[in-house]
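Here the structure comes first, spelled out in structure tokens, and everything after it is commentary.
The values are calculated or read from the model by the stated rules, or taken from the named source; none is laboratory data. All values reported here derive from a predicted model rather than from experimental measurement. FYI the Cβ positions are ideal-geometry reconstructions off the backbone, even for glycines, and counts take in every protein chain you see. These accessible areas exclude ligands, DNA and RNA; they are computed on the full protein's heavy atoms, side chains included. Shrake-Rupley method; radii C 1.70, N 1.55, O 1.52, S 1.80 Å.
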Amino acid sequence: MSVLIKNGRIITASDDYIADIFIEGESISAIGKNLSMKADTEIDATGKLVFPGGIDPHVHLDMPFMGTFSSDSYETGTRAALYGGTTMVIDFVLQTQGKSLQHALTDWKSRSDNNCVGDYSFHMAVTDFNDETKKEIKHFIEQEGIVSFKTFMAYKGALMIDDRQMIGLMEEVKKCGGLINVHATNGDMIDYLVAKHRAEGKLSPLYHYLSQPEITEAEASERFVDMASYTGCPGYIVHLTCEGALNAVRNATKRNQKMFVETCIQYLVLDASLYEKDFEGAKWVMSPPLREKKDQATLWAGINQGLVQVVATDHCPFKWEQKLMGKNDFSKIPNGHPAIENRMELLYSEGVVKEKITLNKYVEVTSTNAAKIFGMYPRKGTLAPGSDADIVIFDPNEKHVLSAATHHMNVDYSGYEGREVTGKVKTVLLRGKVVVDDNKCLVEKGYGQFIKRRKVSQII
Ligand SMILES: [Zn+2]
């Protein structure tokens with residue numbers, strides 16, 4: 001099978017030019033002006049932007065959490081991602097404390113294998129680092145192609161590891177050529193505030209927000225950065241939301257340390273005033289919570305300063321019925337919000353159209369940097385001969401309204417209901433195949449492949 005995309009405006013992290021792309025099989029074979037090859041399929045991209053397929057390195061599909069499962073399966077979640085221009089996601093396998101990493105991977109594969117529509121990989125969350133799990137790290141990096149290990153500094157008793165385990169894990173991961181991802185918030189401090197608010201009868205979603213003040217994230221981010229500095233292990237802070245936490249990273253650069261930072265689309269475009277809507281605020285109960293306008297300004301600046309490399313989603317949807325588990329107690333509301341389908345269009349509309357970021361920066365933070373940091377570049381994350389033909393053809397002018405009535409995520413509300421965006425994903429290719437065209441998905445579950453990743457070294 002061959003495809004020729006004609007006259008698109010090709011945008012990568014570094015380039016911006018009009019040309020044709022010729023695809024043979026699963027990868028790009030040539031890019032140039034007026035290509036004359038005969039193709040099985042020809043697509044006219046005149047007037048359209050052509051980006052590398054989006055990579056969302058932070059999603060939770062079909063994940064057991066707080067007594068339920070996130071509502072998007074691997075099928076519905078990766079399909080919705082494709083509709084929104086994201087051709088690959090990285091999901092999280094969670095170790096059960098007391099059991100092996102391999103045990104968790106087998107469990108996760110039982111839900112993901114042959115069920116993905118788009119490409120995917122896993123981060124391995126280490127929730128119990130001991131002599132046995134230590135022996136598994138090398139195997140995961142070298143045999144499973146899973147090179148990033150997630151840690152939680154919060155959720156004590158379920159997911160959290162202490163600093164002793166963190167240091168040990170960092171030393172092992174560094175030795176084997178991997179990377180540590182971290183949920184950096186101070187779990188003990190948050191647990192104290194949650195208990196205090198509940199004891200005082202303060203039970204609405206607003207108190208979810210007030211139980212995780214900025215300092216809980218700033219403190220843990222700084223501690224994580226210090227431990228990474230001490231061990232020399234590459235680190236990546238997931239879903240960083242606020243000024244205090246970003247300043248911890250900024251300070252680290254003064255001692256010549258590099259730390260990778262991800263934020264999520266919701267922290268750039270939504271703020272904590274949504275928690276004042278009584279129980280409706282449950283739609284945005286996530287950890288960390290939405291922050292203030294000043295934090296949004298910090299994050300946009302951080303992107304432009306190169307301190308924030310990735311805009312992800314932390315997509316973790318729960319239906320309204322599931323959110324109602326916390327109707328009378330904010331601490332029982334399943335944490336998470338749906339965005340896997342909206343990220344690319346929202347960031348384009350809020351970032352590029354409103355001139356907060358350039359087109360090249362847009363591509364950098366939606367695909368290229370994630371591919372580099374997580375060991376997939378240049379197979380993924382760019383448009384070049386030899387790269388996988390993961391391509392988004394995007395109309396920069398088409399306006400449309402985001403709504404649960406039209407989205408493809410398996411959740412009955414939208415965190416962005418009624419919001420008009422400028423720019424629309426029109427056609428998506430994944431490994432050379434047209435997978436979305438004109439609001440229709442053309443492939444079935446099983447098309448998405450597990451992508452093995454390389455050891456992490458000399459990143460970016
Ligand atoms: Zn997450």
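At-a-glance table
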{"read-out": "Cβ-based net charge around THR133, under 10 Å, with every Lys or Arg adding one and every Asp or Glu removing one", "value": "-2"}
{"read-out": "Computed FRET value (nearest 0.05) for GLU444 with ASP107, which takes r as the C-beta separation and R₀ as 25 Å", "value": "0.55"}
{"read-out": "Size-normalised alpha-carbon gyration radius of region 55-133, reference 2.2 N^0.38 Å", "value": "1.13"}
{"read-out": "Amide proton proximity set for ASP20, modelled H, under 5 Å, gap of 5+", "value": "ASN7, GLY32, LYS33, ASN34, LEU35"}
{"read-out": "Solution diffusion estimate, µm²/s, Stokes-Einstein, region 171-218, Kirkwood Rh from C-alpha pairs, 25 °C, viscosity 0.890 mPa s", "value": "195"}
{"read-out": "Rounded tilt (10° steps) of 293-305 against the dominant C-alpha axis of the chain", "value": "50"}
{"read-out": "Simple spin-label estimate for ASP188 and GLU355 in nanometres, 7 Å along Cα-Cβ", "value": "4.9"}
{"read-out": "LYS135/GLU26 FRET efficiency (R0 25 Å; Cβ-Cβ; nearest 0.05)", "value": "0.10"}
{"read-out": "Accessible-area composition of the chain, carbon plus sulfur, in percent [1.4 Å probe]", "value": "48"}
{"read-out": "Within the chain, helix-based [θ] at 222 nm, where runs of 4 or more DSSP H residues each add -39,500 (n - 2.57), nearest 500", "value": "-8000 deg cm²/dmol"}
{"read-out": "Full-extension gain in nm, MET37 to GLN305, via 0.36 nm per residue minus C-alpha separation", "value": "92.3 nm"}
{"read-out": "Mean Cβ count within 10 Å, highest first, over the residues of peptides 56-67, 352-363", "value": "56-67, 352-363"}
{"read-out": "Where the chain is the region considered: accessible area per residue in Å², 1.4 Å probe", "value": "37"}
{"read-out": "Tail beyond 17 Å, pair distance distribution of region 414-460 (Cα, percent)", "value": "61"}
{"read-out": "The chain, dipole about Cα centre (Lys/Arg Cβ +1, Asp/Glu Cβ -1), debye to the nearest 20", "value": "660"}
{"read-out": "Cα-based Rg of the chain normalised by 2.2 N^0.38 Å, two decimals", "value": "0.93"}
{"read-out": "Calculated FRET efficiency for the pair GLN97/LYS202, C-beta based, R₀ 22 Å, to 0.05", "value": "0.15"}
{"read-out": "Ordering of 267-280, 289-302 by burial proxy (mean other Cβ atoms within 10 Å per residue, highest first)", "value": "289-302, 267-280"}
{"read-out": "Net charge dipole size for region 328-409 [Lys, Arg +1 and Asp, Glu -1 on Cβ; Debye, nearest 20]", "value": "240"}
{"read-out": "Angle in degrees between helix 214-231 and the longest Cα principal axis of the chain, rounded to the nearest 10", "value": "80"}
{"read-out": "Helix axis angle, 243-254 relative to the chain longest principal axis, alpha carbon, degrees", "value": "80"}
{"read-out": "Modelled label reach - HIS400, point 7 Å along Cα→Cβ, region 344-362 residues with backbone N closer than 11 Å", "value": "345"}
{"read-out": "Pairwise centroid distance, computed over Cα atoms, of region 216-281 with region 341-393, Å", "value": "21"}
{"read-out": "Taking only Cα atoms of region 280-321, radius of gyration then Dmax in Å", "value": "13.1, 41"}
{"read-out": "Ordering of 231-244, 94-107, 403-416 by burial proxy (mean other Cβ atoms within 10 Å per residue, highest first)", "value": "231-244, 403-416, 94-107"}
